[in-house]
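Quick notes on the structure that follows.
Read-outs: derived from the displayed coordinates by stated rules, not from any lab. Since this is a predicted model, take the numbers as computed values, not measurements. Cβ atoms come from the backbone with ideal geometry, glycine included; neighbour counts cover every protein chain shown.
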Amino acid sequence: MNFGSDVLVVNGAIRWNGDDIVTVSDTDNVVQQAYLRFLADLGESVDFPDYGETVGFTAGKPFTAQMKAEIEAAAREGLMKIGTDNGGPPWIDTVEDVEFYLQEVDGVQTKMLYAKFVVQGEIKEINIQAGGGV
């Protein structure tokens, strides 16, 4: 399966190599698309209203067992949407694990989202800061 390519984004910034924009492709692009999808709020894009996830909205609420379960379910569903935006099949074969948890970052309790998934038999992982506060 062809997973296309995209500009490489690291910590929210496009990566450059001199005057050239660095790109990402193949299964590494699948990982980046997962990362970018979770950074975008659902409906944020005027051109692509179905792009993004509700994780950001939910992460702003107090950390409870119910909110944790909602985010983990939404994240599993969102991962399986990657690659389907233009009517194609999902790029991710299976979602192995999703965990929404609290971690201290720079002295602040921060909400984190971890996901482990399989793309063409290869295990991939993302770990995203989803918001501060408890």
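Tabulated values for the structure
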{"quantity": "The chain: angle of helix 26-39 to the longest principal axis, Cα-based, in degrees nearest 10", "calculated": "40"}
{"quantity": "Test item: Cα-centred dipole of the range 5-132, Lys/Arg +1 and Asp/Glu -1 on Cβ, debye", "calculated": "340"}
{"quantity": "Label-point separation in nm, Asn86 to Glu122, each point 7 Å along Cα→Cβ", "calculated": "2.0"}
{"quantity": "Rh (Kirkwood; distinct C-alpha pairs) - the chain, Å", "calculated": "15.6"}
{"quantity": "Crossing angle, helix 65-79 versus the chain [Cα axis fit, 0-90 degrees, rounded to tens]", "calculated": "10"}
